[in-house]
Amino acid sequence: MLFTSLLILGQAPGGGQSPVGMVLIIVAMFAVMYFIVLRPQQKQAQVHKAMLAGLVKGDDVVTQGGLIGKIHTITDRVVTLDIGGGVKVRVLKSSVQGKYSAAEKAEPAGPAKGDESKKEEK
């Protein structure tokens, strides 16, 4: 509907395209791209940056590669993770995806309630 309105406004009286109308369409397309793509991405980057700034020793974190560990040491650019069994891994601070909590662990898969009733009927 927006494009139709802009096309109607952009047409010259002689039936040709007005350069002002074309500029309006291009500006509208850039505005839509900004609000749909760029702005949410910038907000997400700000949240990630704030999360990285708030990391402290002892936090459980998950990296972009899927490693889960507890922060042993932290510097400006490097985080040393204790991933269990005395194994320590150095990763870039920017590769930490987020904090990890035990509540996020997947529950063991068991039979569904419907499956148990079907087995009892047989």
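The values are calculated or read from the model by the stated rules, or taken from the named source; none is laboratory data. In this text, all values refer to a predicted model and were calculated from it rather than measured experimentally. Cβ placement follows ideal geometry from the backbone for every residue including glycine, while neighbour counts extend to all protein chains displayed.
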M51 vs. criteria modelled with pLDDT of 90 or more and closer than 30 Å to T75 by Cα: yes
Total residues in the stretch 67-79, condition surrounded by 16 or more Cβ atoms within 10 Å (Cβ to Cβ) and either closer than 12 Å to L52 by Cβ or without any contact (Cβ under 8 Å) to a residue 12 or more places away in the chain (or both): 3
